[in-house]
Amino acid sequence: MEQLMTIDRQRPRRRPRILLVDDQRDVAHTLSKLLKPLNAEFRFAEDGDAGLRRLRTEMFDLVLVDLFMPPGDVGGMWLLRRLAEDMIRIPTVILSGNEAQDETIEAQRLGAKNYVVKHKATEELLDVVKEVLADAAHAHWQVATSELPAPVAIPLIRSRLQTDDMHRLRDSIHCVESIFRFSALAAAASFRDLLAERLEKPPSMGTWQSLCRELQGQTAGGVLRDWLTTVADRSAADLVSVRNDLAHGGVPVASWVKERQRDVDDWLELFVTVAATRPALRTVVAGKLEHTGDGFVAEVANLVGSATAVRWQEFHAAEPLRKGRVYLVVADEPVINLWPLITSTPDDRPGHWSISVLDGVTRNGQLRYINLDNGTRVDSEITVADLRSCR
């Protein structure tokens, strides 16, 4: 069989993004030069307030925090507390002008991964940052495959199982498409008429990404918008082309497969970093419900990770949750009803759930799903009218 796809130009690799929060800008720039071998992108903030604003709205792989800076005398500690309160889990390294043991112990208790005394930075900073970045990359994948919504976590798990290069690339692209699809559906749950219009034609990977871009500007700031921004990233658009090449471009040469796998891995690393460092986003299925004086208490099962060994737990909600329906839960934000975009039923194995994700509409107006257990597409009795009417 003729090999049609050949290696093209190499795309730039993803560079780690590091934020330096220090009220002495000249010191911050000097420290960034010590990290030049990382080929990282550096950004700067002059105090804890400015650092917090950037960390709330931008993605970083790591933050270096001066311990003694505004606000107050120990602004680095203030920033760590605020990050913990906001559930922003970006790896942090503390910088201190002296070996203040009490402060550094407290900083690590608040989540800092390590610390470096400034006068030892020339000898220690690069090695410490390398170690923290490597540990974080491993930890982020663990979070992604065990704590993210099952429609995302299950494809992520499967993308790491293949050893054959070609099969690994196909599974990785399938994983990326699953992330696009879930992100679009989660955002479109609040814009159902728009979703119904976009599903009038069979959706593709490009359809899901276009929908994410369209919804990015209409979605209030928060975790879901961070996901949409990552899917809308220019590097993600290149992956749509990879998917189309795999589907229609013939047999690829080995060098093309390896280079495209690096592109996919770069984007997945970006997505996993965003998902693991922002406040948790999870899917739950509702069970029995009780009304209390000031709201409702529902039993919910977390459909995260592989959706196995799922247990019921109490969940307090302002509005009633309908039994058997899937909801999106993001920190303290209002719960989002995902039915009928995502459906779930318990299977024969205790604690296991079968999950299906919307992937189109039949000519008769019935919704078509992908079953996450086996990847098959199934037509349902649920209709577009049901999709539009349910809020």
Do we find a residue being in contact with a Gly (Cβ under 7 Å, 6 or more places away or on another chain) and not aliphatic (A, V, I, L, M) anywhere in the stretch 120-136?
no
In the stretch 198-235, which residues are more than 25 Å from Val329 (Cβ to Cβ), in contact with an Asp or Glu (Cβ under 7 Å, 6 or more places away or on another chain) and in a loop (DSSP other than H, G, I, E, B)?
Pro203
Out of everything in the stretch 105-134 that is among the small types (Gly, Ala, Ser) and touching a residue at least 40 places away in the same chain (Cβ under 8 Å), what residue ends up being farthest from Arg89 (Cα to Cα)?
Ala121
Among the residues of the stretch 244-262, which ones are of a type in the set (S, T, N, Q), surrounded by 13 or more Cβ atoms within 10 Å (Cβ to Cβ) and over 15 Å from Ser204 (Cβ atoms)?
Gln261
Go through the stretch 288-391 and tell me which strands (runs of 3 or more DSSP E), entirely inside it, have 2 or more residues that are of a type in the set (S, T, N, Q), within 18 Å of Phe182 (Cβ to Cβ) and touching a residue at least 24 places away in the same chain (Cβ under 8 Å).
342-346
Residues in the stretch 267-276: is at least one closer than 25 Å to Met87 by Cβ and assigned to a strand (DSSP E or B)?
no
Name the one entry in Val274, Val326, Val284 that is at pLDDT 95 or above and in contact with a helix residue (DSSP H, G or I) (Cβ under 9 Å, 6 or more places away or on another chain).
Val274
Helices (runs of 4 or more DSSP H) fully within the stretch 45-154 counting 1 or more residues that are at pLDDT 95 or above and small (Gly, Ala, Ser)
48-57, 75-85, 121-147
The condition of being under 30 Å from Ile90 (Cβ atoms), within 21 Å of the chain's Cα centre (by Cα) and part of a helix (DSSP H, G or I) holds, among Arg282, Arg243, Arg262, only for Arg262
Looking only at the stretch 161-169, decide whether some residue is free of Cβ contacts under 8 Å to residues at least 60 places away in the same chain, aliphatic (A, V, I, L, M) and outside any helix (DSSP H, G or I).
yes
Regarding the stretch 318-326, can at least one residue be identified that is out of contact with any Leu (no Cβ under 9 Å at 6 or more places or on another chain), surrounded by fewer than 20 Cβ atoms within 10 Å (Cβ to Cβ) and of a type in the set (A, V, I, L, M, F, W, C)?
yes
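The values are calculated or read from the model by the stated rules, or taken from the named source; none is laboratory data. Bear in mind that the values here come from a model prediction, so they are computed numbers and not experimental data. All Cβ positions, even for glycine, are placed from backbone atoms using ideal geometry, and neighbour counts span all protein chains on display.
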